[in-house]
Amino acid sequence: MACLERPVWTDYSEDELKKIKIEPIDVSFVKKVKTNWDLVAKPLDGMGDFEKIVSKIGGMTRSEIIDISKRAVVIMCADNGIIEEGVSQSGKEVTTMVAEIMVKKQSSVCRMAKVAGADSIPVDIGIDNDSIIEGMVKKRVRSGTRNFLKEPAMTGEETIKAIAAGIDVVYDLVKDGYKIIAMGELGIGNTTTSSAVAAALLKCDAELVTGRGAGLDDKGLARKKAVIATALEKYKLYDADPLTILSTVGGLDIAGLVGLCIGGALTHTPIVLDGVISLAAGILAERIMPGVKGYLIGSHNGKEPAIKLLADELGLDMVINARLALGEGTGAVMMFPLLDMALAIYSNSTTFDDISLEQYKRY
């Protein structure tokens, strides 16, 4: 498949999906960018992880000229039926309230995106509300997921449709000239869904990957862990394939993020992950279509306990250590100005030749 050919996912069976191949990043361009870094008059690897990230972007985009000038953060918004089980401090109405603020560009991530020179794009992929919020990208698959303690959160068809929605968003943005995409999410209960997904994918106990989310007390946290552990056993998820895990205990927002990751890989577009929810989506995308992780960039080490395990599984460097727990893609957006500063050195700095100084050598 040509990288810019838009797949019609809703027409694909699971077996047909597995036939779509992800082109690996071009290692020759990774090496070219690394060489360019070494020519800059500074100590070798002086910019640390940012040299690796910028080099990786070169491999993704097949260019040693790194251009991330037009950027966006896409926020997948959806509700989760599992909140019926008392796993969250807030009710589903909060999702709608924050989404309405987002379209006015007044939420946390929107304000941060403006500072970072990025467009904020909220997507309604599954808000549980009878009305449509004007100003959102309309991709609603259904109004919230089902309570996964009682039945699977989504049907297989709904899951594929949500993934397809994420892919479509990427293709539309790439067509409009966007060079890099950060991703975020909004939806009460989604640290429960992402923790359940993480536990199933990593084959570990719920205790190891489940945190307090937006601020559960000890009783609420114990309930959250028990709900996830029950679902893992009920549906035998340690032995399930990634699409089954996603449809059973995931969320529409996570499925949409999976689509963003896959869309980035298919279009050779860098995708910046946020916290635990987007990391869970990243691993799902990689398990569904091996090679996707080559197009993913880590951002921050948040407070959720699953983050390090998921980042390690994806082989990603999380360069911001600030114990962030805000969500919405705020950590991912923070990467944009940091990358801008790194690129100011990569693209415009003095070289060893400029100052007639012998270049540092690698041994």
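The values are calculated or read from the model by the stated rules, or taken from the named source; none is laboratory data. Since the model is a prediction, treat every value here as computed from it, not as a measurement. Here the Cβ positions follow ideal geometry from the backbone for every residue, glycine too, while neighbour counts run over all protein chains shown.
Would you please name the residue that is farthest from MET318 (Cα to Cα), looking only at residues in segment 25-47 that are in a loop (DSSP other than H, G, I, E, B) and in contact (Cβ under 8 Å) with a residue 24 or more places away in the chain?
First, pick out the residues of segment 25-47 that are in a loop (DSSP other than H, G, I, E, B): 25-26, 41-47.
Going one step further and asking which of them are in contact (Cβ under 8 Å) with a residue 24 or more places away in the chain, we end up with 25-26, 41-44, 47.
Working: ILE25: 20, ASP26: 22, ALA41: 26, LYS42: 23, PRO43: 22, LEU44: 21, MET47: 15 Å.
Taking the candidates together, the pick is ALA41.
Quick one: which of ALA325, ALA311 is at pLDDT below 95 and within 23 Å of ALA214 (Cβ to Cβ)?
On the way: ALA311 fails: at pLDDT below 95.
Exactly one of ALA325, ALA311 is at pLDDT below 95 and within 23 Å of ALA214 (Cβ to Cβ), namely ALA325.
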Open item on the list: So SER131 ticks every box in (1) surrounded by fewer than 17 Cβ atoms within 10 Å (Cβ to Cβ); (2) in a helix (DSSP H, G or I); (3) of a type in the set (Ser, Thr, Tyr) but one. Which box is left unticked?
Closed with: (2)
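Going through LEU326, LEU273 one at a time, which residue ends up being crowded, with 23+ Cβ neighbours inside 10 Å and of a type in the set (A, V, I, L, M, F, W, C)? Walk me through it before giving the result.
On the way: LEU326 fails: crowded, with 23+ Cβ neighbours inside 10 Å.
After applying the criteria, what remains is LEU273.
Go through segment 182-238 residue by residue and tally those that are not in a helix (DSSP H, G or I) and not β-branched (Val, Ile, Thr).
Keep residues of segment 182-238 that are not in a helix (DSSP H, G or I), which gives 182-189, 203-205, 210-217, 235-236.
Filter once more, keeping what is not β-branched (Val, Ile, Thr): 182-187, 189, 203-205, 211-217, 235-236.
Within segment 182-238, residues that are not in a helix (DSSP H, G or I) and not β-branched (Val, Ile, Thr) number 19.
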Task: Search result, residues across segment 290-306 that are modelled with pLDDT of 95 or more and closer than 28 Å to SER107 by Cα - done: TYR295, LEU296, ILE297, GLY298, SER299, HIS300
TODO: Go through ILE125, ILE68, ILE75 for me and flag whichever is at negative phi and not in a strand (DSSP E or B).
DONE: ILE68
Open item on the list: Please count how many residues of segment 298-315 are within 14 Å of the chain's Cα centre (by Cα), within 14 Å of SER194 (Cβ to Cβ) and in a loop (DSSP other than H, G, I, E, B).
Closed with: 1
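Based on this model, can you work out whether SER356 counts as farther than 24 Å from SER120 by Cα, out of contact with any strand residue (DSSP E or B) (no Cβ under 9 Å at 6 or more places or on another chain) and either among the small types (Gly, Ala, Ser) or modelled with pLDDT of 90 or more (or both)?
The answer is yes for SER356.
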